[in-house]
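What follows draws every value from the coordinates through simple rules; no lab data is involved. Predicted model, so just to flag it, every value in this text is computed and none were measured. Positions of Cβ are backbone-derived with ideal geometry, glycine not excepted, and every protein chain shown enters the neighbour counts.
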Amino acid sequence: MAVDATTVRKVARLARIHIPDDRLEPMAGELNGILAWIEMLNEVDVEGVEPMTSAVETRLPLRPDVVSDGGKAEDITLNAPRSADGFFIVPKVVE
Amino acid sequence: MASDLTSLTLAAARDGLARGDFSSVELTGAFNAAIEAANPSLNAYVVTTPDQALEMAAASDARRKAGTAGPLEGIPLGIKDLFCTKGVRTTACSAILGEFKPPYESTVTSHLWRDGAVMLGKLNMDEFAMGSSNETSAFGPVTNPWRRGGGDNAALTPGGSSGGSAAAVAADLCLGATATDTGGSIRQPASLTATVGIKPTYGRCSRWGIVAFASSLDQAGPIAKTVTDSAILLGSMCGHDPKDSTSLDIPVPDFAAAVSRGVKGLRIGVPQEYRVDNMPAEIEKLWADGIAWLKDAGAQIVDVSLPHTKYALPAYYIVAPAEASSNLARYDGMRYGARVEADSLTGTYEGTRAAGFGKEVQRRILIGTYVLSAGYYDAYYLRAQKVRARIADDFRKAWEQCDALLTPTAPSAAFAIGERMADPIQMYLNDVFTVTANLAGLPGISVPAALDSQGLPLGLQVIGRALDEETVFAVAGAIEAQAGFTARAARWW
């Protein structure tokens, strides 16, 4: 499953990271190096194996469905690149 | 006076404070001075908080006077930059977090302050904990206090990702430090700096307020000067937290009491698969010495097999990047961090993330996005999670024959800055002995055991059953006692 420059462009778009055109080929090479190494996993017989989801057998805890925190708009927008009156200011999303 | 105080172990400093030999303000002042003098050379701290430290120390001295001293009362610590600290810049050493100052405190650090500890500052690390040499930090690499002997002054890495934590402890710039371990990030730097580092069982420490890398693998733990110091710190760091659904609701044992328990009658497994190709003879010898020490101390040595060991790193390099690509999706330049404006929303996202993430982080996000993308999920992520189940099963079978495993911590001693950056896979191989414990969620500790022919420290790793940190500490305590390792980095900084 070798990756080419077109695939890198597509994946980078999915990941929302701009990769300049002259970096697409080198990045494909780097990713292929790692992916080729990972191919080793195809040797393992995983027939009938349940995928691992947690290290210690445990059940996800439930809590009462009540508001336990909130009213912190100022705190939450404290680090925003742009904000006003407890709101984030973001670029136009809908044309 | 100053250097006397900073060279104490945490346990000795705790005793000294309790006896009134010195105050926390005096102790903290000594560390502030040591950091100011050493940091330009070592770059272990990315933020120092000397005034806040002295205020915390004064409050601690007052609590002691009032008779309400906690278990870490007045003890100055360094905090890895992955832990959110209220009002103190926390960036995971990434440019994308800009000048982020959390309006909240991580659960683990809040436990330390609850128990009376003092914060000296934030410690350098690989960006988002992705690296084994501290070279991916946006603030530049940490320099290992250890140098090769014979007048070779090459700057060495302290390992990573908790390189700042390990270097700060090794250079007496704190009594202990918090760290985190996703594939070996506590134990490998501990091995490279002659410090002790333990990653507890997954779920022992709350992940709340720790910047997320790979959520099913990330676990906090301490780096300290001795096994006892690490046990004292871990005892404070652990504990149930309803804010992390993977935090285990179980009592925290008295870890420090387990350190001197001894290993008489314990069965120590030696996994044959850890004898990797091209293993340096010195690592082989270290391992053999460790086996002999434990035998001397009354343990029984058994050969065990963990047949899926060689698949651990490749499985890790699917699971960790996949989870990272998801966790790091939050850095979009909208709510915090640095934003790079463009003429479209997508352009703003893409520009922000291209400028904010370093090379290794981008590489891992792309790998993660690729293995999770439509049509590849089953072939990569699902298969890796099944291989992970196989690896955990290997350990389960081993526990029928033994109570703990002994292995080397890292495949080599400290290496030079710049030496291994060209080939990512070579860098990834640093974690070959440590990553299995993350995949299986097991506790693992690194204990300094010997110096190699270049005068650099090497560590031994002990892996235990899930939730059996006490046996891990007992074995580590026995190694520490038998090894008699007392070497310190010769001061050049």
For segment B:365-411, give me each residue that is over 22 Å from A:TRP37 (Cα atoms) and surrounded by fewer than 16 Cβ atoms within 10 Å (Cβ to Cβ).
B:ARG396, B:LYS397, B:GLU400, B:GLN401
Enumeration of residues in segment B:313-331 that are crowded, with 20+ Cβ neighbours inside 10 Å and more than 7 Å from chain A (Cβ to nearest Cβ):
B:LEU313, B:TYR316, B:VAL319, B:ALA320, B:PRO321, B:ALA322, B:GLU323, B:ALA324, B:LEU328, B:TYR331
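Go through B:GLU127, B:GLU105 for me and flag whichever is within 23 Å of B:SER215 (Cβ to Cβ), surrounded by fewer than 21 Cβ atoms within 10 Å (Cβ to Cβ) and either within 21 Å of the chain's Cα centre (by Cα) or β-branched (Val, Ile, Thr) (or both).
Exactly one of B:GLU127, B:GLU105 is within 23 Å of B:SER215 (Cβ to Cβ), surrounded by fewer than 21 Cβ atoms within 10 Å (Cβ to Cβ) and either within 21 Å of the chain's Cα centre (by Cα) or β-branched (Val, Ile, Thr) (or both), namely B:GLU105.
Tell me the residue from A:LEU24, A:LEU31 that is out of contact with any Leu (no Cβ under 8 Å at 6 or more places or on another chain) and either surrounded by 13 or more Cβ atoms within 10 Å (Cβ to Cβ) or more than 8 Å from chain B (Cβ to nearest Cβ) (or both), please. Write out each step before concluding.
Numbers: A:LEU31 fails: out of contact with any Leu (no Cβ under 8 Å at 6 or more places or on another chain).
One residue alone meets the criteria, A:LEU24.
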Restricting to segment B:14-47, give me the number of residues that are within 24 Å of B:ARG491 (Cβ to Cβ) and part of a helix (DSSP H, G or I).
18
Go through B:ALA292, B:ALA338 for me and flag whichever is not charged (D, E, K, R) and not in a loop (DSSP other than H, G, I, E, B).
B:ALA292
Those residues that are surrounded by fewer than 24 Cβ atoms within 10 Å (Cβ to Cβ) and of a type in the set (Lys, Arg), I need them from segment B:134-193; list them, please.
B:ARG147, B:ARG148
Considering B:LEU17, B:LEU82, which residue is buried (at least 16 other Cβ atoms within 10 Å of the Cβ), under 21 Å from B:THR228 (Cβ atoms) and not polar (S, T, N, Q)?
B:LEU17
Starting from segment B:243-267, keep only residues that are within 14 Å of another protein chain (Cβ to nearest Cβ), then list their pairs with residues that are acidic (Asp, Glu) and in a loop (DSSP other than H, G, I, E, B) whose Cβ atoms are within a distance under 8 Å, requiring at least 6 positions of separation or different chains.
B:SER247/B:ASP241
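So for segment B:214-236 (the condition being part of a strand (DSSP E or B), within 14 Å of chain A (Cβ to nearest Cβ) and not acidic (Asp, Glu)), does at least one residue qualify? Quick ask: steps written out before the conclusion?
Step one: filter segment B:214-236 for residues part of a strand (DSSP E or B), giving B:219-224.
Subset that is within 14 Å of chain A (Cβ to nearest Cβ): B:219.
From what is left, the residues that are not acidic (Asp, Glu) are B:219.
Yes; the residues of segment B:214-236 include at least one that is part of a strand (DSSP E or B), within 14 Å of chain A (Cβ to nearest Cβ) and not acidic (Asp, Glu).
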Looking at B:TYR370, B:TYR380, B:TYR376 in this structure, which one is touching a residue at least 40 places away in the same chain (Cβ under 8 Å) and at the interface with chain A (Cβ under 9 Å from one of its Cβ atoms)?
B:TYR380
Just checking, does segment B:300-311 include any residue being more than 23 Å from A:ALA84 (Cα to Cα), of a type in the set (Val, Ile, Thr), touching a residue at least 12 places away in the same chain (Cβ under 8 Å) and surrounded by fewer than 18 Cβ atoms within 10 Å (Cβ to Cβ)?
yes
Flag for B:TYR349 being surrounded by 18 or more Cβ atoms within 10 Å (Cβ to Cβ), within 7 Å of chain A (Cβ to nearest Cβ) and not in a loop (DSSP other than H, G, I, E, B):
yes
Hits in segment B:244-261 - residues which are surrounded by 15 or more Cβ atoms within 10 Å (Cβ to Cβ) and touching a helix residue (DSSP H, G or I) at 6+ places or on another chain (Cβ under 9 Å)
B:ASP244, B:SER247, B:VAL252, B:PRO253, B:PHE255, B:ALA256, B:ALA258, B:VAL259, B:ARG261
What residue, among those in segment B:264-289 that are part of a loop (DSSP other than H, G, I, E, B) and within 25 Å of the chain's Cα centre (by Cα), is farthest from B:ASP403 (Cα to Cα)?
B:PRO280
Within segment A:8-21, track down each residue that is assigned to a helix (DSSP H, G or I), within 9 Å of another protein chain (Cβ to nearest Cβ) and surrounded by fewer than 19 Cβ atoms within 10 Å (Cβ to Cβ).
A:LYS10, A:ARG13, A:LEU14
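The rows are residues; the columns are (1) in a loop (DSSP other than H, G, I, E, B); (2) within 7 Å of chain B (Cβ to nearest Cβ); (3) in contact with a Pro (Cβ under 6 Å, 6 or more places away or on another chain); (4) on the phi > 0 side of the Ramachandran plot.
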{"residue": "A:ILE38", "(1), (2), (3), (4)": "no, yes, yes, no"}
{"residue": "A:ASN42", "(1), (2), (3), (4)": "no, no, no, no"}
{"residue": "A:PRO51", "(1), (2), (3), (4)": "yes, yes, no, no"}
{"residue": "A:VAL56", "(1), (2), (3), (4)": "yes, yes, no, no"}
{"residue": "A:LEU60", "(1), (2), (3), (4)": "yes, yes, no, no"}
{"residue": "A:PRO64", "(1), (2), (3), (4)": "yes, no, no, no"}
{"residue": "A:SER68", "(1), (2), (3), (4)": "yes, no, no, no"}
{"residue": "A:LEU78", "(1), (2), (3), (4)": "yes, yes, yes, no"}
{"residue": "A:VAL94", "(1), (2), (3), (4)": "yes, no, no, no"}
Among the residues of segment B:416-455, the number that are more than 13 Å from chain A (Cβ to nearest Cβ), of a type in the set (Ser, Thr, Tyr) and surrounded by 22 or more Cβ atoms within 10 Å (Cβ to Cβ) is 2
